[in-house]
Every structure is written in structure tokens, then in C-alpha cells.
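Asks: Please see the structure below; I have some questions.
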Amino acid sequence: MSSTYSFKRDLDELAQMSDKLREYILGDALYMPVSGGFFRGGGMPQLTTGAFLLRRRRLSLLRDALDAGAQARLDAIIAQHDEIQREWTLHYEKKIQQEVNSRLKMMVAFFRECSESPRDCAAAYPVEAMRRTIVQEIMLAMDEFDYEQREFLPKVQHCDAGLRRYLQPSAFIWVPQLEPIYPRAIFWWLYAGPEPG
């Protein structure tokens with residue numbers, strides 16, 4: 001996460017992801033490049049359902065901070081997403097299930113790194129915090145879309161038990177503008193970090 005938050009960048013990224021969303025949901029790739037390189041001075045995140053859902057919820061909750069044009073753009077993107085999700089619901093559900101499994105599996109390597117090298121653990125934590133946040137965004141969306149979550153709850157709990165072994169409470173680790181979007185009771189790992197080695 002950058003040291004600053006840009007509404008425009010978030011919305012631009014969401015728009016670019018939206019343009020490819022139907023192709024992504026119907027395709028085989030779990031992580032899909034959206035553009036051919038750099039995007040307005042920084043790397044464009046790959047398209048996943050989780051990456052899309054993270055920006056969709058964040059911008060929806062920050063809507064009042066957007067100007068009228070940006071609000072209209074956001075509304076159009078959300079409407080397009082909602083249509084794709086309803087039309088291709090089985091494909092959509094399968095894709096987010098694959099993503100939850102993939103992201104939780106990747107976190108196992110982080111736990112191994114933390115046990116072997118506390119210094120590397122601290123350096124790698126921002127990526128893992130984002131990974132866990134995206135998993136939570138997917139779980140929230142599964143609830144919203146009435147998708148079955150039972151299979152994933154024990155996996156998420158196991159992951160959280162692993163995280164708690166290495167984290168200590170801290171101030172919110174992302175920019176203050178985003179703190180209201182991520183309440184501590186749900187997104188507790190954004191209020192924690194490994195002790196530096």
C-alpha cells in the first residue's frame with residue numbers, strides 16, 4: 001500500500017479492471033494482466049475478483065468524497081459488475097473460490113518465512129496484509145451474493161491463527177484516509193505487524 005491514497009487512481013484501476021471483467025470471469029486465468037506495463041507512473045495491479053471487489057467496496061464507502069462525475073463513473077462500473085455477477089454467477093463463484101484458496105495457500109510461505117527469519121517476515125508483511133484483506137473482501141462479497149462459505153471458514157481461521165503467532169498490535173498500517181473503511185474488529189491484521197527482527 002502506498003503512503004498516500006488517490007481516489008482517482010483507485011477509480012481508474014477499477015475502470016480498467018471493469019473493462020476486462022467479463023473476459024476474466026469467463027476465462028481460465030486467476031491473475032490477469034490488465035495493461036501492457038506501467039499505469040500512470042506505477043504498476044497496474046493484476047485483475048482478480050478480489051482486487052476488483054476491494055476497490056468496489058472501498059470507493060462505494062468513500063463515495064461522498066468523489067465529485068459528481070466520479071460518482072457517475074463509479075455507479076456505471078458497479079452496475080456493469082453487478083450485471084456480470086448475476087449473468088455469470090456460477091463462473092463468478094468458481095473464480096472467487098479459486099482465489100480464496102490461492103491466496104490462503106500463498107500465505108503459508110509467509111508463515112514459513114516468519115519462523116525462519118523475523119527480519120524478512122517484517123519486510124514481507126505489507127504484501128501479506130493486502131493478501132489477507134483481499135480474502136476478507138471476497139468473504140464479504142460471498143455473503144452479499146449468498147455464496148456458500150462453509151468450506152472456507154476453517155481455512156481462514158487456520159490462516160488467522162498463523163498470523164496471530166507473528167503479529168503484535170500496532171496503529172493502522174495503511175494511510176489514515178482508509179481507516180474508516182477497515183474497522184479493527186473485522187480487519188484486525190491491519191492494526192498489527194511483526195516485530196522487526
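Just so you know, all these numbers are worked out from the coordinates, no wet-lab data involved. Predicted model, so just to flag it, every value in this text is computed and none were measured. Note that each Cβ is placed from the backbone with ideal geometry, even for glycine, and that neighbours are counted across all protein chains shown.
Asks: Rounding to the nearest 10 and keeping the result within 0 to 90°, find how far the Cα-based axis of helix 89-116 lies from the longest principal axis of the chain.
Replies: 20
Asks: Could I ask something else about it? Relative to the longest principal axis of the chain, what angle (0 to 90°, nearest 10) does the C-alpha long axis of helix 153-166 take?
Replies: 50
Asks: Let me ask something else. Determine the relative contact order of the chain: mean sequence separation of Cα pairs under 8 Å and six or more apart, normalised by residue count, in whole percent.
Replies: Computed over the chain, the figure is 24 percent.
Asks: Just want the ordering: 21, 153, from fewest to most Cβ atoms lying within 10 Å of their own Cβ.
Replies: 153, 21
Asks: Lys and Arg at +1, Asp and Glu at -1: add these up for the other residues within a Cβ distance under 15 Å of residue 179 and post the number.
Replies: Neighbour charge sum, excluding residue 179 itself: +3.
Asks: Tell me, in nm to one decimal, what length is gained between residue 83 and residue 98 on full extension, where the rule is 0.36 nm per residue of separation less the Cα-Cα distance?
Replies: Roughly 3.3 nm would be gained on extension.
Asks: Stretch residue 15-residue 164 to full length: gain in nm at 0.36 nm per residue minus the Cα-Cα span?
Replies: Between residue 15 and residue 164, full extension yields an extra 50.1 nm.
Asks: Counting only pairs 8 or more residues apart or on different chains, how many lysine pairs in the stretch 7-194 have their Cα atoms under 19 Å apart?
Replies: Count of close lysine pairs: 8.
Asks: Which trypsin sites (Lys or Arg not before Pro) in the stretch 121-197 pass both tests, a DSSP loop state and at most 16 other beta-carbon atoms within 10 Å?
Replies: In loop regions of the stretch 121-197 (DSSP not H, G, I, E or B), the sparsely surrounded trypsin sites (Lys or Arg not before Pro) are 150, 184.
Asks: Which three extents, in whole angstrom, do the alpha-carbon atoms of the chain cover along their principal axes, largest first?
Replies: 46, 35, 34 Å, listed from the longest principal axis down.
Asks: Give me the number: length gained by fully extending residue 67 to residue 23, i.e. 0.36 nm times residue separation minus the C-alpha to C-alpha distance, one decimal in nm.
Replies: 12.9 nm
Asks: Which residue fluctuates the most in the chain, going by a Gaussian network model with Cα springs under 10 Å, if the choices are 98, 136, 85?
Replies: Highest fluctuation of the listed residues: 98.
Asks: Further, regarding this structure: What's the exposure ranking of 49, 133, 89, 4, going from fewest to most Cβ atoms within 10 Å?
Replies: 4, 89, 133, 49
Asks: Order by neighbour count: 19, 82, fewest other Cβ atoms within 10 Å first, most last.
Replies: 82, 19
Asks: Could you tell me how many degrees, from 0 to 90 and to the nearest 10, lie between the Cα long axis of helix 68-87 and the main elongation axis, the longest principal axis, of the Cα atoms of the chain?
Replies: Approximately 90 degrees, to the nearest ten.
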